[in-house]
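The values are calculated or read from the model by the stated rules, or taken from the named source; none is laboratory data. Only a predicted model underlies this, so the values are computations on that prediction, with no experimental measurement involved. Cβ: placed from backbone, ideal geometry, glycine included. Neighbour counts: every protein chain shown.
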Amino acid sequence: MMGAGHIQPNLAADPGLVYDLKMKDYLNFLCVHGRNDTENELSAGLIDKPFKCPKSYNLLNFNYPSITVPNLQKTVTVIRIVKNVGTPGLYKVNLIEPEGISLTVKPKTLLFNKVGQKKSFELRLKSKKVGVSKDYVFGKLVWSDGKHNVASPIVVKAV
């Protein structure tokens, strides 16, 4: 079993980077799960105008800290965006690969010059061979500036 780590209140108050989600991200998530109207969200006051679901939306790119690929066949690339909420700095990536899966990140470093700055990165997951595992395998991606360690658990099932 693997998680992003134990809660540490002092570190939580100064996370360094966050995966910032907006209401549009959550609405796109609902669209993928068959929700194509926004009446409940309108009546609840969550949004102020009707939302139209996009024709296509890749749920793998839902900007959530954890990365899950439930049916990796060969290779897939996911995109994430992180926002600097701390001091300016250079973050370097560290990867712990799930068994049977190779991971590549572009870029390997993220330079933040100011608070509020956003940077995107791509994580490429590649199955080393077909049918690597009948079960899920686990890994981790960590961005570190020497003070902050921003961890994202990775869960993959290669088919």
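Within segment 113-130, if we keep just the residues that are of a type in the set (Gly, Ala, Ser) and farther than 16 Å from Pro70 by Cα, the residue that is surrounded by the most Cβ atoms within 10 Å (Cβ to Cβ) turns out to be Ser120. Cβ-Cβ distances below 9 Å connect the following pairs, each with a first residue in segment 53-66 that is without any contact (Cβ under 8 Å) to a residue 60 or more places away in the chain, a second residue that is of a type in the set (Gly, Ala, Ser), and a separation of six or more residues or different chains: Tyr64/Ser152.
All conditions but one from (1) within 16 Å of the chain's Cα centre (by Cα); (2) more than 19 Å from Phe29 (Cβ to Cβ); (3) of a type in the set (A, V, I, L, M, F, W, C) apply to Ile101; the one that does not is (1). Of the residues contained in segment 99-110, none is found to be without any contact (Cβ under 8 Å) to a residue 60 or more places away in the chain and within 16 Å of Asp14 (Cβ to Cβ). So in segment 9-31, with the set limited to residues that are aliphatic (A, V, I, L, M) and modelled with pLDDT of 75 or more, which one is surrounded by the fewest Cβ atoms within 10 Å (Cβ to Cβ)? Only one residue fits best here, namely Met23.
Please work out if Gly86 is touching an Asp or Glu at 6+ places or on another chain (Cβ under 9 Å), of a type outside the set (Ser, Thr, Tyr) and in a loop (DSSP other than H, G, I, E, B). It would help to see each step written out before you state the result.
Details: touching an Asp or Glu at 6+ places or on another chain (Cβ under 9 Å): yes; of a type outside the set (Ser, Thr, Tyr): yes; in a loop (DSSP other than H, G, I, E, B): yes.
Yes; evaluated as a whole, the condition is true for this residue.
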